[in-house]
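The values are calculated or read from the model by the stated rules, or taken from the named source; none is laboratory data. For clarity, every value in this text was computed on a predicted model and none was experimentally measured. Cβ placement follows ideal geometry from the backbone for every residue including glycine, while neighbour counts extend to all protein chains displayed.
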Amino acid sequence: MGRSGKIDAMYELARQQYAAIGVDTDDAIRRIGDVAISLHCWQGDDVGGFEGDAQSLGNGLAVTGNYPGRARTPDELRQDLQMAYSLIPGNHRLNLHAMYGEFDTPVDRDAIDVQHFQGWIQWAVDQGVPLDFNPSFFSHPHAADGFTLAHSDPGIRQFWIDHGIACRKIAAAMGAAQGSPCIDNFWVPDGFKDTPADRKTPRERLAASLDEIFSGSLPPTHTIDAVECKLFGIGSESCVVGSHEFYLGYAISRNQMLCLDAGHFHPTEVISDKISSVLMYVPELLLHVSRGVRWDSDHVVTFTDELQAIMQEIVRGGFLDRVHIGLDFFDASINRVAAWTIGTRNALKALLAALLEPTEQLQQLEREGDFTARLALMEEQKMMPLGAVWDHYCQVSDVPAGRQWLDVVRQYEQDVLKLRSDASVPA
C-alpha cells in the first residue's frame with residue numbers, strides 16, 4: 001500500500017472513531033475549507049518593506065537572525081508567498097503593510113495611493129488571494145520619538161492622519177477589485193519608555209486622530225476598519241497609548257472591529273478568554289495569532305495549549321462568521337517560507353481539532369451540571385486521531401501531508417533562496 005492508500009486507510013479508521021462520539025469528520029473538513037487565514041507579508045523580508053532607503057525598524061519592533069534568502073523585491077516576496085500557499089491546505093488571504101507598495105520614485109507615506117499597489121491587486125486577483133491591509137506607523141523619521149497619531153506636534157500628527165486616510169482608500173480599492181472586504185487594521189506604537197506624568201492627553205489626541213481618519217464613509221463591502229491594542233513594546237515599556245482598555249472602549253463606542261494579538265498582553269495573559277466577552281459588544285473580531293515569549297510578542301505559531309484554546313473558543317461560541325484570523329510573527333533565524341508554513345498549518349490544525357470536538361455533547365453535560373463527565377471527555381478528546389484527519393485534509397487539498405512539505409522547502413531553498421544576496425538586489 002502506497003502512502004496515499006495508507007492515509008486513506010488511517011482516515012477511514014479515524015472517521016469511524018469520531019463518528020462513535022457523534023462527530024462528522026467530513027463536515028469538519030468542509031467547514032475548515034471555508035476558513036481563510038490571512039498570512040502576513042512581513043515574515044518574508046524581516047519587516048523591511050520596499051520604500052527605498054531603509055529606515056531603522058524601531059517603535060517597539062525588532063527582528064533577529066540573518067537566515068539567507070530574504071525577499072528583496074515585491075516579485076521575490078510574491079514568489080515566496082506562492083510557495084508557502086502551495087504547502088498549506090485551503091484558500092487563504094494576504095495581509096499587506098503600506099510600506100510594501102511598489103514605488104518607482106520616492107513617495108512619503110502621507111501621499112501613497114492606489115497606483116502604488118496595483119501590482120499587488122493584480123497578483124491577488126490572478127492568484128485568488130484576497131488582500132488585507134495595514135497602515136505603517138513605524139520605521140519613519142516622523143515616528144523616531146515613538147509617537148505618531150498621539151504626537152504633541154500637530155504637523156506630525158496630521159502627517160500620520162493623512163497616512164491613515166490614504167490607507168483606507170487603498171484598502172477600499174483592494175476590496176472592490178477582489179470582491180471581498182479588505183480588513184484595514186490600525187496598530188499605533190505610540191508610548192513612553194519611562195513612567196509618564198500625563199497618560200490622559202496622549203489618549204485624547206489618539207482618539208481624535210482616529211476619529212478624523214475614520215470620518216470618511218467607505219462601503220463595508222469594500223473595507224472594514226479594525227483597531228489593535230498592545231500592552232508594551234521595546235521603547236514603550238511603561239505606557240502604550242493604545243492599550244487594550246483604550247481600544248476596547250473605542251471599538252465599542254464606534255461599533256468597530258477590534259483586533260486582539262495573542263502576543264500583545266502580559267506574558268501570563270491569554271486572548272482566548274477575551275473572545276466571547278468582546279464579541280458581546282463589538283460586531284466582529286480580528287485575531288493576530290502569534291506566540292509571545294516573555295517580552296517578545298511575535299514568535300512563530302506552534303501547537304500550544306493557548307492556540308488550541310483560541311480555536312476552541314471560536315468554534316464553541318459559533319463565531320466562525322464573526323472572527324477573522326490573521327497571523328503576525330517574524331523570525332529571521334529560520335527559513336522564512338518554512339516559518340509561514342509551520343505557523344499557518346499549526347493554526348489550521350488547532351482549528352480542525354476544535355471542529356472535531358463533540359461540542360454539543362460537552363455543552364449539554366455542562367448545562368446538566370455533570371462537570372465530571374465534561375472533564376473526562378475533554379481529556380479523552382486529546383487522544384483522538386486528529387493527525388489522520390489532518391493528513392487526509394492535506395491530501396484532498398493537494399498539499400503535502402505530514403512532514404513532506406519540509407522537503408519541498410529545502411529544495412526551494414537550494415534552487416531559489418540561496419541564490420539571493422542583499423549585495424545584489426535585482427533592479
(request) Would you mind telling me which numbered condition in (1) modelled with pLDDT of 95 or more; (2) buried (at least 22 other Cβ atoms within 10 Å of the Cβ); (3) of a type outside the set (S, T, N, Q) Phe330 fails? (result) (1)
(message) Being hydrophobic (A, V, I, L, M, F, W, C), within 26 Å of Arg30 (Cα to Cα) and at pLDDT 95 or above is the requirement here; does Ala373 meet it?
(response) no
(request) Output the residues belonging to the range 117-137 that are in contact with a Phe, Trp or Tyr (Cβ under 9 Å, 6 or more places away or on another chain) and either buried (at least 20 other Cβ atoms within 10 Å of the Cβ) or assigned to a strand (DSSP E or B) (or both). (result) Phe117, Trp120, Val129, Leu131, Phe133, Asn134, Pro135, Ser136, Phe137
(request) Could you please give the count of residues in the range 287-314 that are under 11 Å from Ile275 (Cα atoms) and either free of Cβ contacts under 8 Å to residues at least 24 places away in the same chain or outside any strand (DSSP E or B) (or both)? (result) 6
(message) Among the residues of the range 71-105, what is the count of those that are in a loop (DSSP other than H, G, I, E, B), under 14 Å from Asp46 (Cα atoms) and not small (Gly, Ala, Ser)?
(response) 2
(request) Return the residue satisfying two criteria in turn: it lies in the range 417-427 and is part of a loop (DSSP other than H, G, I, E, B) and surrounded by 10 or more Cβ atoms within 10 Å (Cβ to Cβ), and of such residues it is modelled with the highest pLDDT. (result) Arg420
(request) Determine, yes or no, whether Asp407 is of a type in the set (D, E, K, R) and outside any helix (DSSP H, G or I). (result) no
(request) May I ask you to verify whether Tyr281 is assigned to a helix (DSSP H, G or I) and of a type in the set (Ser, Thr, Tyr)? (result) no
(request) Kindly provide the set of residues from the range 174-200 that are assigned to a helix (DSSP H, G or I), in contact (Cβ under 8 Å) with a residue 40 or more places away in the chain and surrounded by fewer than 21 Cβ atoms within 10 Å (Cβ to Cβ), ordered by number. (result) Ala176, Ala177, Gln178
(request) Report yes if Asp110 is more than 23 Å from Trp405 (Cβ to Cβ) and either among the charged types (D, E, K, R) or in a helix (DSSP H, G or I) (or both), otherwise no. (result) yes
(request) Within the range 360-376, identify whether any single residue is loosely packed, with under 12 Cβ neighbours inside 10 Å and on the phi > 0 side of the Ramachandran plot, and answer yes or no. (result) yes
(request) Six or more apart or on different chains, Cβ under 7 Å: which pairs go from a residue in the range 405-416 that's loosely packed, with under 10 Cβ neighbours inside 10 Å to one that's outside any helix (DSSP H, G or I)? Could you list them? (result) none
(request) Considering each of Phe265, Phe232 in turn, give the residue that is more than 18 Å from Pro135 (Cα to Cα), assigned to a loop (DSSP other than H, G, I, E, B), touching a Phe, Trp or Tyr at 6+ places or on another chain (Cβ under 8 Å) and not polar (S, T, N, Q). (result) Phe232
(message) Which residue is farthest from Tyr281 (Cα to Cα), if the candidates are limited to the range 320-346 and must be free of Cβ contacts under 8 Å to residues at least 60 places away in the same chain and in a loop (DSSP other than H, G, I, E, B)?
(response) Asp321
(request) Assess whether Ala251 counts as being outside any helix (DSSP H, G or I), surrounded by 21 or more Cβ atoms within 10 Å (Cβ to Cβ), at pLDDT 95 or above and of a type in the set (Gly, Ala, Ser). (result) no
